[in-house]
1. Calculate the all-directions average of the projected area of the protein assembly as shown's alpha-carbon convex hull, and give it in nm².
2. May I ask you to sort A:519, B:335, A:167 by Cβ crowding, counting other Cβ atoms within 10 Å and putting the fewest first?
3. Among DSSP beta bridges whose residues both lie in the range B:96-244, state the antiparallel percentage, nearest 5.
4. Under the definition of partner shielding as Cβ atoms of other protein chains within 10 Å of a residue Cβ, what is the mean value for peptide A:74-85?
5. Students often forget the sequence filter, so: which lysines lie under 17 Å Cα-Cα from residue A:363 once same-chain residues fewer than 8 apart are removed?
6. Cα centroid distance between the range B:124-177 and the range B:363-430, in Å?
7. Just to be sure I understand: of the beta bridges DSSP finds with both ends in chain A, what percent are antiparallel, rounded to 5?
8. Exposure proxy check: B:79, A:255, B:153, B:322 ranked by fewest other beta carbons within 10 Å?
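Bear in mind these aren't lab numbers, they're just calculated from the coordinates by the rules spelled out. Everything quoted here is computed from the prediction, not taken from an experiment. Neighbour counts are summed over all protein chains in view; Cβ atoms, including those assigned to glycine, are modelled from backbone coordinates with ideal geometry.
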Number of protein chains: 2
Amino acid sequence: MQNNSLSKNGILPVVETIGFDLEKPSLNDNIADWDRLLRFLEKKKIAPVRTTFNNLKRLPVQIRRNGFSGQAILTFWKHYWELVDVCGTNTTLPALGAAFDLGTTRIALYLLDLTSGKELLKTSVDNPQIPYGEDILTRIIYANTEERLEELHDLIIQKFNEVLKDSIKKVGAERNNLYAISVAGNTTMSHFFTCLDPSNICKEPYIPSVNRFPLLKASELDLYANRDALVYVFPNIGSYFGGDIIAGIIASGMHRKEEVSMLIDVGTNAEVVLGNKDWMIACAGAAGPALEGGVVERGMMAMPGAIDKVRINPETFELTYHVIGDKKPIGICGSGLIDLIAEMFQAGLLTIQGKINLKLKNKTDRIIETEDGPAFIIAYKDETGDNRDLIITDIDIGILLKSKAAMYTILNVICRKVGLEISDVSKIYIAGTFGNHINPKMAIRIGMLPDLPLDRFVGLGNTSGIGASKLLLNRNIFNEIETICNMITYIELNVNVELMHEFRGALFIPHTDPNLFPSVKIPELAKG
Amino acid sequence: MQNNSLSKNGILPVVETIGFDLEKPSLNDNIADWDRLLRFLEKKKIAPVRTTFNNLKRLPVQIRRNGFSGQAILTFWKHYWELVDVCGTNTTLPALGAAFDLGTTRIALYLLDLTSGKELLKTSVDNPQIPYGEDILTRIIYANTEERLEELHDLIIQKFNEVLKDSIKKVGAERNNLYAISVAGNTTMSHFFTCLDPSNICKEPYIPSVNRFPLLKASELDLYANRDALVYVFPNIGSYFGGDIIAGIIASGMHRKEEVSMLIDVGTNAEVVLGNKDWMIACAGAAGPALEGGVVERGMMAMPGAIDKVRINPETFELTYHVIGDKKPIGICGSGLIDLIAEMFQAGLLTIQGKINLKLKNKTDRIIETEDGPAFIIAYKDETGDNRDLIITDIDIGILLKSKAAMYTILNVICRKVGLEISDVSKIYIAGTFGNHINPKMAIRIGMLPDLPLDRFVGLGNTSGIGASKLLLNRNIFNEIETICNMITYIELNVNVELMHEFRGALFIPHTDPNLFPSVKIPELAKG
């Protein structure tokens, strides 16, 4: 079923538009109308071909009506093709594909022209389930009856349809022109999308209902698309390792490489994959929440109003920052927090234990006492969007250091599992908006990322969306994903206690063992 | 996708009921519920497995609810399996299959238990399209609008559903227990069944809409069955060579044999297939109508009231006959006609030219003159069911001889096409009710069948129904049929004029060349 000959645009999309000009029927060649087209397609290696009853009634008539020439649109279902439409030679039939990144917080759509391979439009909206719970756990608990599960499922479908309707219209196409949809989400979101019971995902031994979703039809899910459009949901590896990470692997291309690389996705959890084209090991661990907003008092997502970059002058302790969008700051996002900790540490404002250095209280009025203990003012109230001092406390910093320690520990443990040093890893791909915003130098300084040459760190952006798009443009990825799922070894770090010792060492800045971070200069002041 | 390991009952049905008792989920084995079952099935070589959205929502829950043990019902879709149901260990889930012989005149249903392989019930009903035309051509002409095509299509579906409902109830099962349906019919009937335009079937160059029907779902056709039941329609080779003959080949098993054999189906047309496991040649020609009833004045189908056997004492010219059912005769069916001609010839009542021997008029009062010329009384009016003399005329006999001459010619021509003598053919399978009733000795005597040892002739009965049943019980037949379709060479004899000379010789009884029929003694009286 694999077809390796590239189509005219150098892509192998899951929807093919094939022009045809068949021999006219004669006594010497009296094959049936339908089979005549199939014989032609078979020569193009498009076989076997099936269709639905509705199309079977319609398509042979179309073939004949168009004088045995025209264009055929076929969708790829792994083990066969489905003929979904036939039209005349002069009709322009855009074949659209919609790739969704279905995040817990945001839903991103990439609308593609599957003939040219071009991205026509990119848009994103809030996940409509947020009112039912910011985090996944709350939503899982809410969805404890069939009706409520259906309710949360419907919310996603309706939102998808809204976005699809709007986007398809924007590119001047019609509902029927959308022939393929791919969806990459974490395990729980994929369960909500397919209306599957997620209740066992969060209970030991953490069992999803489904890992490998069957291919579905748009009509089955009531999606705004051609009724026969194929719907591909990226498979999960486990409850805490979802299709979003599989899409990330696809986006990175690490599964095709000889060299060993690593993919890090910092979301609610930190998910890490290590491997190459022959083997792959993965784990997930609670690491990320502090970087996602909501956990640190003034933390927020990387969106307008969030400080995403911080610099501190180690002489004057003067602080400069960058805010996303043309706005006053109202909070600080993950990359901003990493910058902040790294710069505070560099200036001696933080000790290696991660405490605000009260010795400097007389050198800067940014260090204050609050009822939660010592705090540091990032932005004074007259600079902020909400007229409140934007501060960070020792408690916040403690939470953050736990996150970074978890991340560092996971990266090391996963390498050790396969007998590698972290320095053997040729590329570290960082997924998500976080990956695009993070400054690896800063992350190394706080001991979150390992002390490797900076060119080994590659921010990939929305890897879920990129992976989902890539699949629509290359049907061989169906098989690549199956291979990945078969070869990947998943380690459940949540149940692994051997990390405790390592984790403790990593709670320091950058680490209790400074030899692990030769490039990081430890300021005298920070030694506390 | 081929699975050669026989299931427990020595069959490989298109529906498998697989008992399972899975490992319970644990931290060390935390694969998803759905994938847990699929992993088990894969070990049984049942893979890949898909399902519909509706079943995806339902089945993982069922698996868990049943404590990870139970039974899974899967249907075979050539390139993958579909999981359609899961139930507890103690539930009895009959997996039914329905094989249909969809004839122009009669529809026969064979209801099978696909677990044991047993035939549970066999029944037949009139084709409800008969009021729209006894013959196919009239129905094709009637169905010249979409509405009328739909009308004729609906008639079949409704009749199928009536018969299915009734039969499923009779065997104590339910609609949902029917998981597979196979349908073998001629090209036109298969088009009506799938609601396809048949209009080009009867116009040169005789092009069907579809030869190889895609697998369909019962719900698509609104059939009374499990909504996910698979519907297989036997493929056509051409307009005059339909799925009924493919089913006939399957019923005969000739496609698996080393030796060369022949399949003859005498219906409205005579369809003939010659070949073995490596090659196959087929043709169809107008030959049969005289033997089907309706053409010969008093001809009728092989049904109650029809004379199906005739013997004539050559000394006394006394005639004895056998009537189907416990009834008075009202007509004579194909096998009866062959007997009649053979016995009349043997007694000298017919000349080798096929004329009633008027020289014998003074020896028997069965020879009479009518306004249509000489006739022979088969049954006197006091013996018949309609109080009319049951007669046959010279004209009738002429029509019959044309049929038998066509048949004999076709058999010889097809052999010659591949450089064989008819005597090289190891078995001649005769399909249809006709095949079950015909007496080969009589058919040889009139020169309809070649003069071969009688044990080479095998009557097979309802080959369409048998072939359709066999497919449900052996999924490898999907591929066997594809192989047959790919290798068969179809010769359109309707457009072949080279047969004229041969045909003329075969119009005599048994033939102008008596050396072709060494076993047939030609009575002096018949020499005319």
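1. With the hull built on Cα positions only, its mean projection is 48.4 nm².
2. Fewest-to-most Cβ neighbours within 10 Å comes out as A:519, A:167, B:335.
3. Roughly 60 percent of the DSSP beta bridges within the range B:96-244 come out antiparallel.
4. Mean partner-chain Cβ count within 10 Å for A:74-85: 2.
5. Counting by Cα, and skipping residues close in sequence, residue A:363 has these lysines nearby: A:355.
6. Cα centroid to Cα centroid, the span is 33 Å.
7. 65
8. Fewest to most other Cβ atoms nearby, the residues stand as B:322, B:79, B:153, A:255.
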